[in-house]
Amino acid sequence: MEKLIKPVSGYIALVISLVCMGIAVFCFTLFETSPVFVVLGVLLMLASFFILKGLMIINPNHSRVLNFFGKYVGSVKDNGLFFVNPLYSSLKVSLRSDNLQGQNLKVNDKMGNPIEIAAVIVWQVGDTYKAAYEVSNYASYVKIQSEAAVRHLANSFPYDNLEAEEKEMTITLREGGDAVNHILEKELTDRLAPAGIVIKEARISHLAYASEIAGAMLQRQQATAIVAARAKIVEGAVGMVEMALQKLSEKDIVELDNEKKAAMVSNLMVVLCGEKAAAPVLNTGTLYQ
């Protein structure tokens, strides 16, 4: 598990190191007086370098993972100049948010239709211990697991509801919106938790039928839209015909037998449901001619 530590300030250690270096240089100038000054100068110079090795600078949104001869010591997430044991080895881990623009993947949706899908993922390191030691390369781990999560998402839902009666029953990739994005975020969080990665946002950035079936699916969508539109037109036309017959009967404008009512209904339906404007024909005789 991640363990946060707060090392001492590095400014005092920096001053001590510079003082030791200055004294060492002064001792080297006195080498003719006594060999002892040369030995003292070498020791002070080594001490100065040893102290300098223990200094580390941590920039904002960065961290250091400290290791002492193969043993995890702790992580430093504070910013500034610090001094730690010079024998510690350190690993830099960025805490900044990063974007992953996934490549377009060709996969089959739940219905078996080939589709193209891609996602944009915003992530950052949350646990530096897991990112440094639980996986070999956390950036590569994020990329591969993200691709696997997007593929699994595409396999779990249909691209679109092809039947009108199923539209309220199934979440689809095209119309799922926030629900699909939430499912993707949850799966990414579960997959990337072993690496200490936090998912801040995940969204579908590209979604389309594969080129080999795009034309056929477009024709099917157009046909579905035409059928739905025709159904609405017929429903409205029937209501208008019913209203016309009712008004004629209520106001006793004209009396029609069943045969003439059928002819009137037929003509009105043709006029109301036709794609082009009907051409009027004047009848100069009676209704029965």
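All of the numbers you see were taken from the coordinates with simple rules; none came from a lab. Everything numeric in this text was worked out from a predicted model, so none of it was measured. Cβ coordinates were reconstructed from backbone atoms using ideal geometry, including for glycine residues, and neighbour counts include every protein chain displayed.
What is the sum of charges, Lys and Arg at +1 and Asp and Glu at -1, for the other residues whose Cβ falls under 15 Å from the Cβ of F83? It works out to a net charge of +2. Using the Cβ-Cβ distance between M240 and T170 with R0 = 41 Å, the FRET efficiency computed as 1/(1 + (r/R0)^6) comes to roughly 0.70. For F26, project a label point 7 Å along Cα to C-beta. Then give me every residue of segment 44-80 with its amide nitrogen under 15 Å of that point. So the set is 44-45. Volume per residue for segment 8-94 equals 86 cubic angstrom (convex hull of Cα atoms). Rounded to 0.05, the FRET efficiency of the N61 and V107 pair, given R0 = 41 Å and the Cβ-Cβ distance, is 0.70. Modelled this way, with points 7 Å down the Cα-to-C-beta line, the labels at A139 and F49 are 3.1 nm from one another.
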